[in-house]
Amino acid sequence: MLGIRLGRGSLGTERAQEALAGYAFIAIPLALFMIFNIGSLFYSLYISFWRWEILGPTDFLGLRNYQFILRDEIFHTAVKNSVYYTVIVVPIQMALGLTLAVTVNQIWRGRSFFRAAFYFPAIASSAAITVLFIYILAPDGLLNHLLELIGVVPLSFHNRGNWLGHSDTALNSVIGLNAWTTSGTMMLYYLGSLQAIPSEVYEAAKVDGAGGWTTFRRITFPLLAPAHYLVAVVSVIGALQLFDQAYIAGGADGNPNYALMTIVLYLYNATFRQFEFGYAAAVGIVLFIIIFTATLIQRRFFGSSDWASSR
Amino acid sequence: MSDTTAARPLTAVEPLPDDNRSRRRIGRIVIYAILILYSLIIFLPFLWTLSTSFKTLPESLQLTIIPREPTTYGYVKAWTQLLPPLPVMFLNSAIIAAIATLTNVFLGALGGYAFARLRFPGREALFLLVLGTLMIPDQLRLVPVYQILVNLRLIAPGPENYVGISLIFAISATSLFIMRQFFLTLPFDLEESARMDGAGFFTAFWRVLLPLSRPALAVVAIMTFQGTWNGFFWPLVILQAPAHWTLPLGLSQFRFQYSADWPPLMAMDVIATVPIVLLYLFFQRYFVGGLSAGAVKG
Amino acid sequence: MRRWLLVAASLALVVAQACGGSSSSGGNFDPATVSGTVSLSGWQASPEEGAALKTVLDGFKAKYPKITVDYQPVAGDYAAAMVAKFSAHQPPDVFYVNAEVAPDWIKQGVLHSLDDWAGSRSFDTSQFFPGYLNAFKGADGKTYGYPKDGNTLAMAYNPDILSAAGVQPPTTFDEMTSVGAALKAKGITAYSLSSTLDRVLAFIYADGGNLLSADKKSSAIDKPGFKEALNFYLNLFKMGYAKTPSDFGVDWSGKALGEKKAPIIFEGGWLDSYMHGTFPNVNYKWMEMPKGTAGKATLAFTVSYSIGKDSAHMDAAWLLLTYLTGKDGMKIWTQGGVALPSRKDVAAPAGKEVLVSSAAFAHPWSFIPGFSKVLDAFNNAFTGALQGNGNADTIIAKTKQTLDAQLNQP
């Protein structure tokens, strides 16, 4: 395949060679995925039917792990939190990332500076950002000071001004934090594709008399369909697996009052605090099903714009 | 590469009546003002990091921007009190991140190309499988992956440990996804001319498509480097000897159960952020220009 | 036939060797002949601990020059790193075990029992404080680790703020209420109180309440004492005498004390190195926990050194373990004040008298396998109650539900 000249053979041989090339090019990634990822999935599926402890299996449980999960109130809360988080944070992330990318693409002076600046939250140490955010959202922190300046009294709120520490506002605060830090990453995804739109397209639009917003709505936005798909799918998959900020802000128990309990935090607890690997595996399988379903739904929704299927 | 191709702001080019022009200028000033404000807010964490790295421990808990008694206590401590020493950690992080970036860029581009532009049976199903790998949290993978690596004898205090961790970071579905989506936006007749001249699939990929995909490659490179540079979980469980530890594992040495030694922690943060910033600035140029019109000619 | 017998005999011999492990149970064990490498793992809670451990290991090297200690600390999530190693049957030889997870690790069989060796190799375990040692006994009564140190909860207060307000530090629950009221009248929130069980339980014990029955087989949470103490504690918040660290804008009570946001807190010995390093100019004193209706009570936190079940260097591990938890090793470890001795024959470092004397009435923070679920249930229910979703009854109900579920697990 490498450098072999195409013979003047029939269409059949050409397609076979193309297929062979296709398989060859994905061989290494696929092998690695099978061993280190998909393999783990099958392993988890297997052990999810057992009471499996640190040193191995003890009893065969059949579907009992799954029954327990589906009945567990805490798991219900975890799913509710993870889904709520995803549904809110993904559109915000996408909108923010797209806005930043289009802005950076459009502005003239200082473009490089702004491009670097907007990506910075993704680069900068999450330790610093999290600490700063915790400070800003503290009862005596920056946000409350600003609110007081405009005449609002945070201490009279139900959460007594403790944004991250109160069960009513904790999750929304994490949404705010994450939407902001991931905006830079989403911007990058969009930037890559924005650059691929040739200038002829814009010239043609201008000739037809289209203004800035119309061009964006009718031309740029639709042409970014592959990028939308990428950003949406990756965001949803990531959001459903929220763990780090929930763990840092709320601790392993999902405090305050399970407001920060997410599915992956629940899984973490099952593995590393309750040492029940079989149970954790069952949680992992359920999570996988949830995410996979969400991805399939997105695929159907964005499917028409996934051009590969048209070829 | 110049700034003059691809997305030109239409508003700057159109001839306009006079009153629109002044309105537009005000609009632009407002936009710039917002952008500058936003950027300042963004740099705030980094400013705090930088300034705290020069403070004493008691002062580090306050949010002053300029330290009252500047000191290099943090940097000295970070340099001398880490296990292993800071330069060793830096090198470990650099090696692991560099290998991961190279493999991701190459395998991602090659695989992304295959998924986007080559036809083979089961292609969409296999791509869904690739996406599926993103749906398995690390916490779930830990025990089986660890056991596989143990069986391959890659969990050991020797250099084979690097092979172990490189296998984990070698290729990510996100890299494949980014490259695939990018290749989907390129016209399908691009490599036809090369193939008509008799080039094989790999040559068409290497000679024609790869040079055009610099923006996407840059994105993959930045994401991968940054992800592995800041990665904590896998280095924690895979790297056995302290001599192999990476910067995030060093960072956690200044965090304790109830407190943190902020000045050296922030000093390490500053030092750890520098390479990423440099890399990003280096790859910036690929976000300018993008597709040159010439490629689509003919 | 004879050959068959020979094979069987040698097979039996091999099996016997394998079962006995690399150690000879009973018989001649000569420490001077043991050599090789032994791996040691744990975490580092402060830089002083790293320095102290190094000194201890130097002492070990001097005593057993033929044994090399390979120190492999874990730089982050200890449980995550350890669990992976356990499941791969490659544990470190000697490592830390937190008393909180000890019941789980013992039950799941990742620790080696130590009683046989203690007997045959004459290691004196009588000097360990029972409160600490019992945390590492399994349901089968065997010992699976020796406590390397201990820490208790006590009351730390800022004498300057209190005397300026004209109050004495409280010594009973009733005094806590009156001191709280007095300080509130001066506009000061008296206490920074954690909303987690690992602090609240001390107050519950002081009122005679209990989580578990004495044999740890059933829950005692609905017996007298628990609810009264819980209501007392919740009331401190309701009356405005106390706030959680989170509501003060800090991540733990130590910081509240240091930033002078609250003059009275309840923490353990780890407060000292924190205050010394971060708030060197804030004056504070230690005092015993206030008495409840059932007298004095507090909590004891401890960590053991244990040997991995799959350890490949049992003899060297045993020598290291007994040195670290023996009189000499522990003396070196604790003399700088990083932790308190868990043995009676090691003197308490200066300035820690209150914490050490509190060990006499301390209850160990170690319960049953699966305890983390009970802990989470209580903590979340408690925070819920503080934030308007529930009261003492709901806290007790939710905790009892989880506790009973865990007790009924096979």
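Where a number appears in this text, it was derived from the coordinates with a stated rule and is not lab data. Only a predicted model underlies this, so the values are computations on that prediction, with no experimental measurement involved. Backbone-built Cβ (ideal geometry, glycine too); neighbour counts: all protein chains shown.
With contacts taken as Cα pairs under 8 Å and at least 6 residues apart, chain B reaches a relative contact order of 32 percent.
Residue separation of C:T37 and C:N408 scaled by 0.36 nm, minus their Cα-Cα distance, works out to 129.3 nm of gained length.
Helix C:47-63 and the longest principal axis of the Cα set of chain C meet at an angle near 30°. The distance between label points at A:V201 and C:S178 comes to 8.0 nm (points 7 Å beyond Cα on the Cα→Cβ vector). The charge dipole of chain A, taken about its Cα centre with unit charges on the Cβ of Lys, Arg, Asp and Glu (plus for the first two, minus for the last two), comes to roughly 840 debye. Between 0 and 90 degrees, the angle of helix C:226-238 with respect to the longest Cα principal axis of chain C falls at about 50 degrees. Per residue, the Cα convex hull of chain A amounts to 215 Å³. Within the listed set C:A84, C:A312, C:A392, the residue fluctuating most in the Gaussian network model of chain C (springs between alpha-carbon atoms under 10 angstrom) is C:A84.
Just so you know, the Cα atoms of chain C work out to an Rg and Dmax of 23.8, 96 Å. Taking the Cα centre of each part, how many Å lie between segment C:249-306 and segment C:153-182? Value for the Cα centre distance between the two parts: 14 Å.
Note on chain B: dipole from Cβ charges, positive end direction compared against B:I178, B:I148, B:A221; the farthest Cα belongs to B:I178. Footprinting exposure proxy ranking of C:T394, B:T246, A:T271, fewest other C-beta atoms within 10 angstrom first, gives C:T394, A:T271, B:T246. Taking every alpha-carbon pair under 8 Å whose residues sit at least 6 apart, segment C:290-410 reaches a relative contact order of 22 percent. Between 0 and 90 degrees, the angle of helix C:371-386 with respect to the longest Cα principal axis of chain C falls at about 10 degrees.
Between B:V219, B:V143, B:V88, the Gaussian network model of chain B with springs among Cα atoms under 10 angstrom shows the greatest mean-square fluctuation at B:V143. For B:Q240, the residues 5 or more places off, or on other chains, whose built amide H falls under 5 Å of its own are B:A156.
Counting only other chain Cβ atoms within 10 Å of each residue's Cβ, the peptide A:112-119 averages 6.
A simple charge model with +1 on the Cβ of Lys and Arg, -1 on the Cβ of Asp and Glu and nothing else charged puts the dipole of the protein assembly as shown at about 1700 debye relative to its Cα centre. In segment C:275-360, with Lys and Arg counted as +1 and Asp and Glu as -1 at Cβ, which of these residues, C:A350, C:V338, C:N283, has the Cα nearest the positive end of the dipole, that is, farthest along it? Result: C:N283.
When chain B is treated as a GNM with alpha-carbon contacts under 10 Å, the residue of B:D261, B:D269, B:D197 showing the greatest mean-square fluctuation is B:D197.
Hull volume per residue, based on the alpha-carbon atoms of the protein assembly as shown and their convex hull, is 201 Å³. As a length-normalised measure over Cα pairs under 8 Å and 6 or more apart, the relative contact order of segment A:66-310 settles at 28 percent. 3J(HN,Hα) couplings calculated from phi for segment C:269-279 with the Karplus curve 6.51 cos²θ - 1.76 cosθ + 1.60 (θ = phi - 60°) are, in sequence order, x, 5, 5, 4, 5, 5, 5, 4, x, 9, 10 Hz; Gly and Pro show x. When each full DSSP H helix of chain B is screened for a Cα extent of at least 15 Å along its own axis and an average Kyte-Doolittle hydropathy of at least 0.0, the helices passing are B:18-52, B:86-117, B:138-151, B:173-185, B:214-229, B:262-284.
Annotation: amide H of C:L340 within the under-5 Å range of C:G150, sequence separation 5 or more or interchain, hydrogens built in the peptide plane. Between A:G209, A:L242, A:G184, the Cα set farthest toward the positive side of the dipole of segment A:128-256 (charges on each charged residue's Cβ, about the Cα centre) is that of A:G209. Helices of chain A meeting both criteria, an alpha-carbon length of 24 angstrom or more along the long axis and an average Kyte-Doolittle score not below -1.0, with helices taken as full DSSP H segments, are A:11-33, A:73-106, A:170-194, A:277-302.
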